[in-house]
Amino acid sequence: MPSALDTPQGAAELAESLLPPLGNRWLHTQAVAARAQGVSAAVSEADRSLLVAAAWLHDIGYAPELRDTGFHPLDGARYLEQLGAPMRLVRLVAHHSGAVYEAEQRGLSSELSVYEREDSPVLDALIYADMTTGPAGQSFAFGRRMDEILERYEVGSVVHTAISKARPYLAAAVERTAARLGAGSEG
C-alpha cells in the first residue's frame, strides 16, 4: 500500500491497484490525472502534488470492493479516510465535480456533509480536469463533456438531474481555472 497517498506516485499506485479492471474508468482516471498535471499552474506550487493525487483518486469509489453507498465520491472518501489519507485529499475526493448535487438526489447529503467542501483553486482545477475529460480519456471541451454525460444518462435519472443542476457550478469552476491559467489556456 502506498505510504504517501497525497503524492501523485502514491495516489497513482493506489488507483492502479483498484481501477484497471474497470476499463474506460481507468482510462478516464489516467487522463484526468494527466490533465490535472497539465493545468497545475492554476494552483499554488505547494498544492500541485495534492491536485494530481486527487485526480488519480477522484473515481476510486467506483472500485467494486469499495462500494458501500453506491455513490462513488462518498465511498472513495470513506476508503481514503480509513487508509489514513490526509483529510484535505479525502475532502477533495468527496466533493469532486459537484458531488453535493448528486448526494442531494441520492438522499446522502448528511453523509457527504461530514466532509467539508473546500472552495479553492485546487477543487476548481480538479473539476476542470474531470469535466474536460471524456469517459474513455478523451479530451473534451466542457460543453461537450456535459452533453456526453446528459446523453449517457436517462432524463430523470439521478445523475442526469444532478449534473443538470450542477452545470452552472461546474462551469464557473472551469472558467475560474481557465482564467487562472491565463490567455491561451487549455480547454
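The values are calculated or read from the model by the stated rules, or taken from the named source; none is laboratory data. Keep in mind it's a predicted model, so treat the numbers as computed, not measured. Glycine also receives a Cβ, built like all others from the backbone with ideal geometry; neighbour counts cover every protein chain displayed. With ligands, DNA and RNA removed, areas are computed over all heavy atoms of the protein, side chains included. Shrake-Rupley method; radii C 1.70, N 1.55, O 1.52, S 1.80 Å.
Tabulated results
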| read-out | value |
| --- | --- |
| Lone unmet requirement of (1) exposed (fewer than 14 other Cβ atoms within 10 Å of the Cβ); (2) more than 18 Å from Thr29 (Cα to Cα) for Ala178 | (1) |
| Leu5 being open to solvent by less than 30 Å² (accessible area, probe 1.4 Å), more than 27 Å from Gly156 (Cβ to Cβ) and in a loop (DSSP other than H, G, I, E, B) | yes |
| Identity of the residue in the stretch 150-169, in a helix (DSSP H, G or I) and more than 19 Å from Leu108 (Cβ to Cβ), that ends up farthest from the chain's Cα centre (by Cα) | Glu151 |
| Among the residues listed as Glu104, Glu16, Glu65, the single one being of a type in the set (Asp, Glu), over 23 Å from Ala136 (Cβ atoms) and either open to solvent by 40 Å² or more (accessible area, probe 1.4 Å) or outside any loop (DSSP other than H, G, I, E, B) (or both) | Glu104 |
| Answer from Leu108, Leu123 - the residue that is at pLDDT 95 or above, in contact with a helix residue (DSSP H, G or I) (Cβ under 7 Å, 6 or more places away or on another chain) and more than 26 Å from Gln30 (Cβ to Cβ) | Leu108 |
| Residue that is touching a residue at least 24 places away in the same chain (Cβ under 8 Å), within 21 Å of Ala11 (Cα to Cα), among the acidic types (Asp, Glu) and out of contact with any Phe, Trp or Tyr (no Cβ under 6 Å at 6 or more places or on another chain), where the choices are Asp75, Asp124 | Asp124 |
| Residues located in the stretch 68-87, provided they are surrounded by fewer than 21 Cβ atoms within 10 Å (Cβ to Cβ) and over 16 Å from Leu112 (Cβ atoms) | Gln82, Leu83, Gly84, Pro86 |
| Contacts under 6 angstrom Cβ, first residue in the stretch 25-41 being among the basic types (Lys, Arg), partner open to solvent by 40 Å² or more (accessible area, probe 1.4 Å), 6 or more apart | Arg25/Tyr62 |
| Qualifying residues in the stretch 39-62 (those that are small (Gly, Ala, Ser) and touching an Asp or Glu at 6+ places or on another chain (Cβ under 6 Å)) - the one surrounded by the fewest Cβ atoms within 10 Å (Cβ to Cβ) | Gly61 |
| Residue match in the stretch 137-147 (condition: touching a His at 6+ places or on another chain (Cβ under 9 Å), in a helix (DSSP H, G or I) and either within 18 Å of Arg25 (Cβ to Cβ) or open to solvent by less than 50 Å² (accessible area, probe 1.4 Å) (or both)) | no |
